[in-house]
Structure formats: C-alpha cells, structure tokens
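The values are calculated or read from the model by the stated rules, or taken from the named source; none is laboratory data. The model shown is predicted, which means the values in this text are computed figures rather than measured ones. In this analysis, Cβ positions are derived from the backbone assuming ideal geometry, glycine residues included, and neighbour counts consider all displayed protein chains.
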Amino acid sequence: MSMISMFKKELDRESVITRKMLERIPDDKYDWKPHPKSMTIRQLSSHIAELPTWIPMTMTTDELDFATTPYEAKQINDTKSLMELFETSLQEGYTELKEENEGKLDQPWTLRNGDQVYDVSPKAEVIRMTLNQVTHHRAQLGVYLRLLDIPIPGSYGPSADDMSF
C-alpha cells in the first residue's frame, strides 16, 4: 500500500470519529475553557476542523513561515458553522492525496517563524504529524466535553457514554 493510500484511509477513518466529537459541542459553550492557559472550545474545535487543510498546504509548498503568513483562525460561533468548516477542510485535505504525489513525500518541508526554524521534516512526516494532531486535539476536546458533562462518543471502541460498538 502506498503512503498516499494509507493517509487517505486514515483520513477517512479519523474523519468519522472527529465528526462525532465536533457535532456534540453545544452552541452556548464556545467561549468555555477549563483553565486560564487553555484554549476556548471555539479555538480548539476550529483548530481541529482546519487541520485537514495542512495536507494540501504541505504538498503544494516547501514551508510555512508565520512571519510572512500569520495564522488567522476562522471565526465560528456555532456547531453548524463548525461542521461546515470541517467538511470544507476535509474535502480540501483530500485534494492532494493523489497517487501521483507519492514521489513528493520525501521532499523537505519547513515550519518557521522568520529566522527561527521550528522543524524541517519530509512531507510524509508532516502529514503524519497533522493526522496525529487531529487525534491529540480531539482527545483534548473529549476532556473539555467530559468536564461539561457532555457524553463522549466512542472513538476506537465504546466509551463510557457510547456502547454502540
């Protein structure tokens, strides 16, 4: 199996789980956060929803420099808008996962802020990190939801709230 095929399969599988988690956020909780140093649900969930866009960015560029391309989060205020953002990002994420791009996966990609280089990795590793970030931040969101007493969907099997597997 090619790495592109593996990434597509993983994105397929993870998008189902991500969708179940994001759709549970109540519209009145977007400003909530568990700790002063934590992100709000709005910041965390919109970051999760945008992460698939890192796949085509990685495949079509050689770097992201925050000094020249500052991050501007999309402003979402309700779960309907969040789900639309996720679905749009997901479709964008698939655009460069095509077999003819397999040869690009070994090319280096750089994350920097001006002269400060955070990371230089092959594009395949950046895509892997992106998919890992979805899982990582989705788990954070699960803690947020648990603290708000919102039932957690199963991810890789049943959860204490969802035994439907």
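Miscellaneous remarks
- Identity of the residue in the range 8-62, among the hydroxyl-bearing types (Ser, Thr, Tyr) and under 13 Å from the mean Cα position of the chain (by Cα), that ends up surrounded by the most Cβ atoms within 10 Å (Cβ to Cβ): Ser45
- The residues listed here are Thr110, Thr130, Thr88; of these, the one that is over 14 Å from the mean Cα position of the chain (by Cα) and surrounded by 12 or more Cβ atoms within 10 Å (Cβ to Cβ) is Thr110.
- Criterion: surrounded by 16 or more Cβ atoms within 10 Å (Cβ to Cβ) and among the polar types (S, T, N, Q) - qualifying residue of Thr68, Thr79, Thr95: Thr79
- Residue match in the range 18-26 (condition: over 18 Å from Gly142 (Cα atoms) and either modelled with pLDDT of 95 or more or part of a loop (DSSP other than H, G, I, E, B) (or both)): no
- Answer from Leu64, Leu51, Leu97 - the residue that is in contact (Cβ under 8 Å) with a residue 40 or more places away in the chain, in contact with a Lys or Arg (Cβ under 8 Å, 6 or more places away or on another chain), under 16 Å from Glu10 (Cβ atoms) and among the aliphatic types (A, V, I, L, M): Leu97
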